[in-house]
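Everything on this sheet refers to the single structure shown next.
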Amino acid sequence: MRGIGEMARVSGLTVSALRFYDSAGVLVPAEVDPFTGYRRYADEQVRAARLVASLRRVGMPITEITAAVRALPNAAAVTALIDRHLSRLEDGLLDARRELSHARALLNLEVPMTTVTLPADKFARLVDAVRFAVGPPDAGLLGGILVEAGEGTLTLVATDRFRLAVATATAEVKGPPARAVVPASALHHDVSTVTLEPGRVTVDGVEVTPIEGDYPDFRRLVRSPSGPAVTVEVAELRAAVEAQPVVMREYEGSPYPLVILNVGDRVELATVADWAADVDGHVAVNRDFLLQALDAGGAGQLRLELDGPIHPLAVRVPEGDQFSLLMPVRH
């Protein structure tokens with residue numbers, strides 16, 4: 001057994017930090033003297049304490065550190081938590097670079113300009129991959145397509161809250177990272193150059209008024225699947241969905257068709273009775289949305305990924321940077 005001072009020396013945590021993590025339930029001592037309150041730690045807790053110190057130095061939230069300590073015997077589970085936090089850090093760094101680039105431009109009294117160029121057929125494929133998820137024209141930001149220029153990449157994003165589509169391609173990018181929400185009607189198939197400036201977008205020389213506002217953070221929904229990931233033939237799945245009797249549901253007074261999937265070692269269509277008997281083993285989504293996502297993915301094979309019945313169903317193009325998410329329907 002180790003006293004709290006010795007535990008602090010071998011773990012890299014301060015004594016006060018060890019007391020805090022004890023009170024927070026993150027790292028509870030093996031023994032506490034009932035009279036003196038003196039804490040003693042078992043040798044096997046040193047590894048957990050060092051893990052806590054390491055994760056805290058990179059800013060992981062307390063709740064996730066607690067989960068990592070509890071899952072310590074399961075290396076894969078801890079690795080998944082670390083990878084998720086690293087992804088957040090990388091996204092935050094990208095945002096920080098974008099904002100600092102804007103700040104430098106303000107200091108230099110220069111208007112930052114970013115020009116993206118790529119072949120028209122390549123741009124057309126990106127637009128076709130996301131257009132089905134665009135909201136109605138009166139939906140504000142959701143009625144447009146997010147155009148995001150990164151380091152050598154162009155990403156298009158569309159969502160109407162019930163589904164989300166993302167497509168990325170390599171492109172020639174001149175200027176700092178930039179983004180703007182553009183009316184979907186402005187992104188036609190012949191586009192090859194987009195210029196992004198604060199409050200202004202130019203599409204092949206034609207000025208377009210961007211839609212102002214904070215677009216939803218789509219990266220929060222994008223994560224590596226921890227559940228089943230199954231490769232399907234698009235034509236076969238589409239034919240099976242179209243052949244199944246239509247089940248109707250209603251949302252805010254509007255009816256819509258439903259399809260229920262059992263995603264395990266393979267994808268199987270299920271009935272409402274199957275869903276009721278095993279909610280956790282099935283996921284239900286809007287039937288029309290699924291068919292549109294399959295069409296947007298193109299012919300051949302797609303991969304369906306699912307983390308559970310209350311998480312989005314991901315439809316991904318294998319070995320590509322194109323995917324869509326379909327929000328699940330609750331039972």
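Observations, loosely collected:
- Count - residues of segment 71-87 that are open to solvent by 90 Å² or more (accessible area, probe 1.4 Å) and either closer than 15 Å to Arg220 by Cα or among the hydrophobic types (A, V, I, L, M, F, W, C) (or both): 1
- Residue in segment 192-203 that is open to solvent by 10 Å² or more (accessible area, probe 1.4 Å), among the basic types (Lys, Arg) and touching a residue at least 60 places away in the same chain (Cβ under 8 Å) present: no
- Only a single item in (1) closer than 28 Å to Thr193 by Cα; (2) in contact with a Leu (Cβ under 8 Å, 6 or more places away or on another chain) is not met by Arg39, and it is number (1).
- Selection within segment 189-211 - more than 13 Å from Leu118 (Cα to Cα) and touching a strand residue (DSSP E or B) at 6+ places or on another chain (Cβ under 8 Å): Leu196, Glu197, Arg200, Val201, Thr202, Gly205, Glu207, Val208, Thr209, Pro210, Ile211
- In the set (1) within 21 Å of Glu319 (Cα to Cα); (2) free of Cβ contacts under 8 Å to residues at least 60 places away in the same chain; (3) among the charged types (D, E, K, R), the condition left unmet by Asp128 is number (2).
The values are calculated or read from the model by the stated rules, or taken from the named source; none is laboratory data. In this text the structure is predicted, and so the values were computed from the model without any measurement. Backbone-built Cβ (ideal geometry, glycine too); neighbour counts: all protein chains shown. Surface areas here come from the heavy atoms of the whole protein model, side chains and all, with no ligands, DNA or RNA. Shrake-Rupley method; radii C 1.70, N 1.55, O 1.52, S 1.80 Å.
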